[in-house]
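See structure below.
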Amino acid sequence: MTFHSERRLAPWTEVEVEVEAPGDGSKHRMIRCAGIVVQCETSPRHNGYDITLLFLELNKRALADLSKISRLHPHSAAHRNAVVGFRV
C-alpha cells in the first residue's frame, strides 16, 4: 500500500502506522500496525514522498479494512485522510 509522507524514509525502515478506516456512517476505526518501507520516491503529484509499505502481521479485520481503503480513489478525501501518522 502506498502513502504520502512529508519526509523521506529509507527502504527497509520499520515503521508503526495509524490508519483511520472508514466505517458505517460517521464511525471510524483506528488500525495500528507495523510495516516495512519497501519503496520511497519523490511524489510527482504533491510535495513530499510516496511511501510503499509491506505490512507485518495483520489480523483479518485489519487486512479487510486496509483492502477497502486501497480501493478508494487515490485523490478522494477519504483516501487522503486515511493515514493519521507514521512513527519510525
All but one of (1) modelled with pLDDT under 85; (2) surrounded by 17 or more Cβ atoms within 10 Å (Cβ to Cβ) hold for Arg45; which doesn't? (2)
Restricted to the range 1-42, and to residues that are small (Gly, Ala, Ser) and closer than 16 Å to Leu58 by Cβ, which residue is modelled with the lowest pLDDT? Ala21
Report yes if some residue within the range 63-71 is touching a residue at least 12 places away in the same chain (Cβ under 8 Å) and part of a loop (DSSP other than H, G, I, E, B); otherwise report no. no
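The values are calculated or read from the model by the stated rules, or taken from the named source; none is laboratory data. Computed from a predicted structure; not experimentally measured. So basically every Cβ, Gly included, is an ideal-geometry build from the backbone, and we count neighbours across all protein chains shown.
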